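Let me begin by presenting the structure, written as structure tokens, before commenting on it.
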Amino acid sequence: MNTIVIYKSKYGATKKYAEWIAEALSCEMVEAKNVKASDLLKYDTIIYGGGLYAEVINGVSLITKNFEELKKKNLIVFSTAITPLSYREYYDTYVIKKNFKPEMLEHIKIFNFMGKMLTDELSLVHKAALKSLKKIMMAKENPTELERLLVNLCDYNDDECDRESANVLINYVKNLK
Ligand SMILES: Cc1cc2nc3c(=O)[nH]c(=O)nc-3n(C[C@H](O)[C@H](O)[C@H](O)COP(=O)(O)O)c2cc1C
């Protein structure tokens, strides 16, 4: 089977997963900025990965904007993020709604992995964005569980990238016919 891994990665978390996945599947890996949708037509299986930024999977529009052309392929999308994976409502409701139309979900298999966010690596723009998000969330009178979580995540400083966790995606692709 002809497979490609495409990734967009600002701080390297998604790139690490893309490398692990491409290595395990012995397939091509390419950065999203070097790919056009038309380049993808020759592949049977297309794996796209991006970090989550304000709940948007970085660059996933490469897949969603070209969905009609690509929907007959095996489409796999993965995100890397800092929200704990146990917070299923976040991933299965908010993130899904923000990135995909309902009809896409039948055709796209989605995986979520833990990523990294290290304070020392963040750009000034991202540091400022997180600071103002925290301020907005802290000003809420009756914060929801999600808003409380976001306040804490603004101070996240860790690397939870985990090679083993990518096996679920790798095995899924290996079992495709
Ligand atoms: C400005 C900013 C916004 C972010 N927004 C989210 C978010 O909405 N949800 C989340 O779980 N993680 C969020 N993150 C964390 C990133 O998704 C995480 O660091 C990811 O692993 C980065 O992947 P990359 O290095 O491949 O770009 C955010 C990080 C930054 C700097």
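The values are calculated or read from the model by the stated rules, or taken from the named source; none is laboratory data. Everything numeric in this text was worked out from a predicted model, so none of it was measured. Please note: Cβ atoms are built from the backbone with ideal geometry, for glycine as well, and neighbour counts cover all protein chains shown.
Observations
- Residues of region 22-44 satisfying the condition of being closer than 15 Å to Met1 by Cα and either in contact with a Cys (Cβ under 8 Å, 6 or more places away or on another chain) or in contact (Cβ under 8 Å) with a residue 12 or more places away in the chain (or both): Ala22, Ala24, Leu25, Cys27, Glu28, Met29, Leu40, Leu41, Lys42, Tyr43, Asp44
- Restricting region 136-147 to residues that are more than 14 Å from the ligand (Cβ to nearest atom) and part of a helix (DSSP H, G or I), the residue that is nearest to the chain's Cα centre (by Cα) is Glu145.
- Breaking point among (1) within 9 Å of the ligand (Cβ to nearest atom); (2) modelled with pLDDT of 95 or more; (3) surrounded by 17 or more Cβ atoms within 10 Å (Cβ to Cβ), for Tyr90: (2)
- Taking region 132-154 as the range and being surrounded by fewer than 11 Cβ atoms within 10 Å (Cβ to Cβ) and not polar (S, T, N, Q) as the test, the residues that pass are Ala139, Glu141, Glu145.
- Among residues of region 100-134, those that are within 13 Å of the ligand (Cβ to nearest atom) and either over 19 Å from Leu169 (Cα atoms) or in contact with a Cys (Cβ under 8 Å, 6 or more places away or on another chain) (or both), counted: 22
- Helices (runs of 4 or more DSSP H) lying entirely in region 1-82 (those with 2 or more residues that are within 20 Å of Glu160 (Cα to Cα)): 13-25
- Every residue from region 80-111 that is among the polar types (S, T, N, Q) and without any contact (Cβ under 8 Å) to a residue 60 or more places away in the chain: Ser86, Thr93, Asn99
- Every residue from region 148-177 that is over 23 Å from Glu121 (Cα atoms) and not in a loop (DSSP other than H, G, I, E, B): Arg148, Glu164, Ser165, Ala166, Asn167, Val168, Leu169, Ile170, Asn171, Tyr172, Val173, Lys174
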